[in-house]
Amino acid sequence: MAQQPRAWQRMLSGRRLDLLDPTPVDIEIDDIAHGLAFVARWNGQTHGDFAYSVAEHSLLVETIFSRIDPRAPAKWRLAALLHDAPEYVIGDMISPVKAAVGPGYGALDDRLSAAIHIRFGLPAAIPAAVKKQIKKADKISAWMEATQIAGFSETESSKFFGKPDLALMQGLDIVLRAPVATRTAFTARHAELLSQIS
């Protein structure tokens, strides 16, 4: 009888996360922050001495989301910070790869997102209106990344990510720093938002 392939990963916290059936009990913020700080956006094809990590991107998206909706409660800001959290175990696939993989990737992402949300007191599924605003912030961040560190022209970036509202980017820059510094910043922001929800 053939042995089932392993579908779980051991985390640094000691947790064993089943990718096919993730549970909130096996989710730890330190694992998420560590993983995201070492996952490179743009498949690492960016300028600079450090890769631009998903953790750094997530911090920027949460900042932009807060500018889009300054009255958003802390729980939706937390949802923005965690919008790419499943990538701590499944990595950051660029959009063309996601399209090639098909709907299986989306289902895996949805299961992990639901477990992560529940673990931190959010609804398993984020309301569509909030998700739309987070996506808008995500696209603005992608536009900034594309033009500042990934070699895209502004015209090309606007074609793929939409023309951003310049006021929402005012004073913001892409930050490249060591993974340990990004991990610390991500964990601190997570703790701050959680304390505002409690």
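The values are calculated or read from the model by the stated rules, or taken from the named source; none is laboratory data. Given the structure is predicted, the values throughout are model-derived calculations rather than measurements. Neighbour counts are summed over all protein chains in view; Cβ atoms, including those assigned to glycine, are modelled from backbone coordinates with ideal geometry. In case anyone asks, the SASA skips ligands and DNA or RNA and just uses the protein heavy atoms, side chains included. Shrake-Rupley method; radii C 1.70, N 1.55, O 1.52, S 1.80 Å.
Rolling a 1.4 Å probe over the protein heavy atoms of region 75-197, with every protein chain left in place, gives an accessible area that is 59 percent carbon and sulfur. Summing Cβ point charges (Lys, Arg +1; Asp, Glu -1) relative to the Cα centre of region 16-122 gives a dipole of roughly 380 debye.
Can you give the log10 of the normalised intensity I(q)/I(0) at q = 0.12, 0.16, 0.18, 0.25 Å⁻¹, computed with Debye over equal Cα scatterers of region 128-198? Log10 of I(q)/I(0), two decimals: -0.44, -0.75, -0.89, -1.12. The three principal axes of the Cα atoms in the chain give end-to-end lengths of 57, 40, 32 Å, sorted in falling order. Here the calculated FRET efficiency for Val97 and Glu156, from their Cβ-Cβ distance with R0 = 22 Å, stands at 0.70, rounded to the nearest 0.05. Region 75-103 and region 32-47 have Cα centres spaced 12 Å apart. Placing a label point 7 Å from the Cα of Gln170 along the Cα-to-Cβ direction, the residues of region 69-86 whose backbone N falls under 19 Å of that point are 69-72. Short to long, the 5 Å bins of the Cα pair-distance histogram for region 20-111 hold 3, 13, 20, 22, 21, 15, 6, 1 percent of all pairs. Using Cα positions and a limit of under 20 Å, work out the lysines in reach of Lys75, with same-chain residues fewer than 8 apart set aside. By straight Cα distance, Lys75 reaches Lys131, Lys132, Lys135, Lys136. Annotation for Glu28 and Ala181: the two label points, set 7 Å from Cα along the Cα-Cβ direction, are 2.6 nm apart. If you model region 47-95 as an ellipsoid using its alpha carbon gyration tensor, with each semi-axis the square root of five times an eigenvalue, the axes come out at 22, 14, 8 Å, biggest first.
Taking every pair of distinct Cα atoms and averaging 1/r, then inverting, what Kirkwood hydrodynamic radius in Å comes out for region 16-71?
When all Cα pairs of region 16-71 are included, the Kirkwood radius is 13.3 Å.
Using bins of 5 Å that start at zero, the share of Cα-Cα pairs per bin across region 120-161 amounts to 5, 23, 21, 15, 13, 10, 9, 4, 0, in whole %.
Comparing Leu108, Leu20, Leu168 in a Gaussian network model of the chain (Cα springs below 10 Å), the most mobile by mean-square fluctuation is Leu20.
Under 5 Å between amide hydrogens, built in the peptide plane, is the criterion, and for Asp92 it picks out nothing among residues at least 5 positions away or on other chains.
Model label sites at Ala191 and Lys135, defined 7 Å from Cα along the beta-carbon direction, differ in position by 3.4 nm. If only the Cβ of Lys and Arg carry +1 and only the Cβ of Asp and Glu carry -1, the dipole of the chain around its Cα centre is close to 380 debye.
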